[in-house]
1. Simple spin-label model, 7 Å along Cα-to-Cβ: LYS259 to GLN423 in nm?
2. Give me the percent of DSSP beta bridges within the chain that run antiparallel, rounded to the nearest 5.
3. Which of the residue pairs LYS224/LYS279; LYS131/LYS320; LYS171/LYS289; LYS359/LYS451; LYS208/LYS362; LYS167/LYS359 have a Cα-Cα distance greater than 28 Å in the structure shown?
4. Where the centroid of each part is defined by its Cα atoms, how far is the range 243-258 from the range 132-175 in Å?
5. So what's the net charge close to PHE358: Lys and Arg +1, Asp and Glu -1, counting the other residues with Cβ under 10 Å from its Cβ?
6. Over the chain, average the accessible area per residue using a 1.4 Å probe and give it in Å², no decimals.
7. With all protein chains present, calculate the accessible area of GLU19 using a 1.4 Å probe and round the result to the nearest 10 Å².
8. Summarise the accessible area of the range 108-258 (1.4 Å probe, protein heavy atoms) by the percent that is carbon and sulfur.
Amino acid sequence: MNKPKNQTLDPQDWESMRELGHQMIDDLIDYWKGIREEKIWRPIPEEIKQRLDDSIPETGMDPEAVYEEFKKTIFPYNKGNVHPRFFAWIQGTGTPMGTFADLLASGMNPNTTIGEHSAMYVDRQVVNWCKELMGFPSSASGILVSGGSMANITALTVARNAFGEGKIREKGLLENGQQLILYCSTETHACIQKAAEILGIGSQHVRKIPVNDAYEMRADLLQKQIEQDLELGLCPFAIVGTAGTVNTGAIDPLDDLFKISRQYNLWFHVDGAYGALAKLDPVYSDRLKAIEEADSLAFDLHKWMYVPYEVGCTLIRDAKKHRDAFANTPNYLLQESRGLSGGLDSINHYGFELSRGFKALKIWMSLKEHGREKYAQMIAQNNRQAEYLTQLVLENPQLELMAPTSMSITCFRMSPPNFSEEQIRDLNQEILVRLQEEGIASPSSTILNGKYTIRIANVNQRSQFEDMDLLVREVIRIGKEIIG
Ligand SMILES: *Cc1c(COP(=O)(O)O)cnc(C)c1O
């Protein structure tokens, strides 16, 4: 048979691809360097949206032309969380080194789940560093996943499977007619309920315990609810405490929750997706100390470690329970004692995902570049910025602080005298949108006790104290313009 012509996706001209790669890096550096002077957000023109709705290209074009199209249609309409005044939701900034690490990881392209190769050891080292950061024992286990939601469901899967005789994997949930009950607060992130739904527990069996004025779970009501459920013959199995709620940064009384979990023999999970890393700020380290006692912890590195999306981490105190929840070994994944199929325990034994990228590298390179101390300073800086902003709000009679400021979340709004609740909502909604549309800053909003509020969540390694001054100034300027 005549051999067909060989084909490949590699470039025909390596030198022009090299040049193009250099150009991309140059453009990124210029982008980061000048980001403070840029508008934080711009609306996407209709024609661009249409181009981003074209059907699949049948034939290719030059790499240079592809990049030109990226620069025209995609690059200018970024979300903005790289900007120093991005405060919406809870979203990290990323760093140059983190970005380049992702480039290198993608260039090496190891599927980091099994085998004897360097990425497996970097992944293990980074998980060990995560344990050190969080005060977990070295005997604990952990896994890097795509983010906080995945980290939470991974931990809750272990909690569920460890329940009772630990036979849930084999027999399913209802073998003994037991109804598992999960406890969290009304302020708990929505991913916990979603996880409970996926895990077969059912949203109806997620008890959302009320919070106090500071939006922290009421431990007394938690205990009452557990007692009630036991009386009904239900099976409480886990408590989820939040270290930094998504609305206001509140910290549940973790010490009390831990004690209650021991009293009733329940799994104690901490959702620290946002706030666990505030352990590095001495102002918060005491209140977050109980994280070290948790059976499991979920936290994000793409939030307060500022690494590029995506990466979160699950830590499990009892490594055996962790492995027992996920490990299985089909014939096509046998491990050998030597060669490429040797090496460390497969990471797939600790989570649901099989194929995994080399997401550990961006954390490894970032921590090598800056060291733990620098991250402690950066996290503390965000917290001090929130305190500074709070002070500005309290000093200004036109503004109203809407929740106690905890960690780096500040909730406030403009509230002119004699305005109804509805008028205040309309005003602040308009202020928020104009801040974004004028490209000044990107807060987001939430509703606290039925009241609409602007919400500043700061996990931004580029923001400065002066940005808080500017934010307050602009809120008031825009507010006055609207009122007329
Ligand atoms: C962000 C967040 C989550 C979800 O994490 P993702 O990384 O967005 O999946 C869960 N819980 C809390 C408290 C969060 O702040």
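The values are calculated or read from the model by the stated rules, or taken from the named source; none is laboratory data. Treat the numbers as computed from the prediction; the structure is a model and nothing was measured. Don't worry about glycine lacking a Cβ; one is built from the backbone with ideal geometry, like all the others, and counts go over all protein chains shown. Note: accessible area is taken over every heavy atom of the protein model, side chains too, but ligands, DNA and RNA are not part of it. Shrake-Rupley method; radii C 1.70, N 1.55, O 1.52, S 1.80 Å.
1. 4.8
2. Looking only at bridges with both residues in the chain, the antiparallel portion is about 60 percent.
3. Where the Cα-Cα span goes over 28 Å, the pairs concerned are LYS224/LYS279; LYS171/LYS289; LYS359/LYS451; LYS208/LYS362; LYS167/LYS359.
4. 20
5. Every neighbour counted, the sum reads +1.
6. 49
7. Counting only protein heavy atoms, the figure is 140 Å².
8. 47
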